[in-house]
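The values are calculated or read from the model by the stated rules, or taken from the named source; none is laboratory data. Since the structure is predicted, the reported quantities are computational estimates derived from the model, not experimental observations. Glycine gets a Cβ as well: all are built from the backbone with ideal geometry, and neighbour counts include every protein chain shown. We work out accessible area using only protein heavy atoms, side chains counted, and drop any ligands, DNA or RNA first. Shrake-Rupley method; radii C 1.70, N 1.55, O 1.52, S 1.80 Å.
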Amino acid sequence: FVALCSVSGLAQKALPENVANSIKARITNGYSPSIVVGIIDKDGPQYYAFGTKTEGGSPVDEHTIYEIGSISKTFTGILLADMALRGILAVDDPAQKYLPDSVTLPVRNGKQITLGHLSDHSSALPRMPDNMAPADPANPYADYTVEQMYAFLRSCTLKRDIGSEYEYSNLAQGLLGHILSLQAGKSYEALMIDRIASPLVMKSTKITFDARMKQNLAIGHSQGVPVSNWDIPTLAGAGAIRSSLHDMLLYVAANAGLKKSKMYPAMQLSHTVRHDKPGGGTRVGLGWHISKGSAGDVIWHNGGTGGYRTFVGFVQETGKGVVVLTNSNKGADDIGFHFLHPAAKLIELK
């Protein structure tokens, strides 16, 4: 059973047939209980919701809540850019400057890790700290403490020069979120809501579930089985945010300049290319990835937690943005890329 409920203030455009058929086939074949897609351009938002919050559950819509995982890193990049533009810190300041004296960040060949390195995945810190020992493997970050992170950083030896290569790092992004929160004198969640979610009226974009979000939650699934939500207190800036299709389209609209926002200068700074070290035509800004597309640069990020896979992206040149959220460990990035870069093919369903 595929529920398709589309609600929009404007005349709803039909999804391209190949995309609609691909989504229906994924749900029928158990890829995901639900897939929601949002498209925004100068004509406003369009919402397309397929499937249910859990197997046999109630239909999803644009207000259903999903974990957005690593898309949180783009919020962290914008928060960094915002503090830099407000003169609170500089992107190229050493991260060490903003940590307690008891914490020493690793250096290499006399070079220090900057805040920018933490944001653009060139810090030389590993993807994950090696001192995580979760009490509950189904919620692996829940009990990882700030003290454990500090202990890891004190003992860590960098395997390559800072700034020399791209290595995707949840640790670096989590550390950055932690530093920004220390500077702001409030939790990462409070900072994110204060600077981004509240001004953009993203009322369902938080880390801590409120009663309405809990009620509207799509249950995460892995291999077709319901799984726990992930709690990410210490490394929140790397992946802790929850949101809805409605809110994420507001976020994409603001980033693409379709929706006027005081945060636009910070957003633009976060989209500025810092290096092209991943290769394959992909460059990196503050948190964002930037890939060449037929219609212009695709500025994007995806996310994954235990039971969710998500995608956001937009093309400045065409003024088009896309959000794809799923409550499954099988992603749908191909749908997002297909809208923004039509030459990108949809996956062949096995």
| Does Lys111 satisfy being over 18 Å from His275 (Cβ atoms), of a type in the set (Lys, Arg), at pLDDT 95 or above and out of contact with any Phe, Trp or Tyr (no Cβ under 9 Å at 6 or more places or on another chain)? | no
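I want to confirm something. Restricting to segment 254-264 and keeping residues that are in a helix (DSSP H, G or I) and not aromatic (Phe, Trp, Tyr), which single residue is surrounded by the most Cβ atoms within 10 Å (Cβ to Cβ)?
Initial filter on segment 254-264 (in a helix (DSSP H, G or I)): 254-255, 264.
Now drop any that are not not aromatic (Phe, Trp, Tyr), which leaves 254-255.
On the way: Ala254: 22, Asn255: 26.
The selected residue is Asn255.
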| query | Among (1) farther than 29 Å from His271 by Cα; (2) within 20 Å of the chain's Cα centre (by Cα), which single condition is Lys53 missing? | reply | (2)
| said: Going residue by residue through segment 8-26, is there one that turns out to be open to solvent by less than 80 Å² (accessible area, probe 1.4 Å), in contact with a helix residue (DSSP H, G or I) (Cβ under 6 Å, 6 or more places away or on another chain) and at pLDDT below 95? | reply: no
| query | Being more than 14 Å from the chain's Cα centre (by Cα), part of a strand (DSSP E or B) and under 16 Å from Gly257 (Cα atoms), is that true of even one residue in segment 300-313? | reply | no
| For segment 141-186, how many residues are polar (S, T, N, Q) and touching a Gly at 6+ places or on another chain (Cβ under 9 Å)? | 3
| Residues that are in contact with a helix residue (DSSP H, G or I) (Cβ under 6 Å, 6 or more places away or on another chain), in a helix (DSSP H, G or I) and over 23 Å from Gly239 (Cα atoms), drawn from segment 61-104 | Leu85
| Residue under evaluation Asn216, criteria (1) in contact with a strand residue (DSSP E or B) (Cβ under 7 Å, 6 or more places away or on another chain); (2) buried (at least 16 other Cβ atoms within 10 Å of the Cβ); (3) closer than 22 Å to Val91 by Cβ; (4) not hydrophobic (A, V, I, L, M, F, W, C), criterion not met | (3)
| query | Which one of these does Ala172 not meet: (1) assigned to a helix (DSSP H, G or I); (2) surrounded by fewer than 12 Cβ atoms within 10 Å (Cβ to Cβ)? | reply | (2)
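Could you tell me whether any residue of segment 143-154 is among the hydroxyl-bearing types (Ser, Thr, Tyr) and touching a residue at least 60 places away in the same chain (Cβ under 8 Å)?
Start the filter on segment 143-154 by keeping residues that are among the hydroxyl-bearing types (Ser, Thr, Tyr), which leaves 144-145, 150.
Still in the list and also touching a residue at least 60 places away in the same chain (Cβ under 8 Å): 144-145.
Within segment 143-154 (the criterion being among the hydroxyl-bearing types (Ser, Thr, Tyr) and touching a residue at least 60 places away in the same chain (Cβ under 8 Å)), the answer is yes, since at least one residue qualifies.
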| task | Run Leu250 past the list (1) surrounded by fewer than 24 Cβ atoms within 10 Å (Cβ to Cβ); (2) closer than 28 Å to Gly44 by Cα and report the number of the one that doesn't hold. | result | (1)
| Any pair with Cβ under 8 angstrom, 6 or more apart, that starts in segment 272-294 at a residue that is assigned to a loop (DSSP other than H, G, I, E, B) and ends at one that is of a type in the set (Val, Ile, Thr) and open to solvent by 30 Å² or more (accessible area, probe 1.4 Å) | Gly285/Thr272; Gly285/Val273; Leu286/Thr272
| remark: Within segment 190-213, the residues that are among the aliphatic types (A, V, I, L, M) and open to solvent by 10 Å² or more (accessible area, probe 1.4 Å) are Ala190, Ile193, Val201, Ile207, Ala211
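Could you tell me which residue of segment 137-166 is least open to solvent (accessible area, probe 1.4 Å), considering only residues that are of a type in the set (A, V, I, L, M, F, W, C) and under 12 Å from Leu235 (Cα atoms)?
Checked segment 137-166; the qualifying residue least open to solvent (accessible area, probe 1.4 Å) is Met149.
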| task | Have a look at Leu99, Leu79 and point out the one that is buried (at least 24 other Cβ atoms within 10 Å of the Cβ) and not basic (Lys, Arg). | result | Leu79
| task | Only residues that are open to solvent by less than 10 Å² (accessible area, probe 1.4 Å) and in contact with a Ser or Thr (Cβ under 9 Å, 6 or more places away or on another chain): list them for segment 58-74, please. | result | Val60, Thr64, Ile65, Tyr66, Glu67, Ile68, Gly69, Ile71, Lys73, Thr74
| request: Provide a single number: the residues in segment 330-349 that are farther than 20 Å from Thr282 by Cα and either touching an Asp or Glu at 6+ places or on another chain (Cβ under 9 Å) or open to solvent by less than 40 Å² (accessible area, probe 1.4 Å) (or both). | output: 1
| message | Could you tell me how many of the residues in segment 221-241 are surrounded by fewer than 24 Cβ atoms within 10 Å (Cβ to Cβ) and under 13 Å from the mean Cα position of the chain (by Cα)? | response | 0
| query | Looking only at segment 105-136, which residues are touching a helix residue (DSSP H, G or I) at 6+ places or on another chain (Cβ under 9 Å) and of a type in the set (Asp, Glu)? | reply | Asp120, Asp130
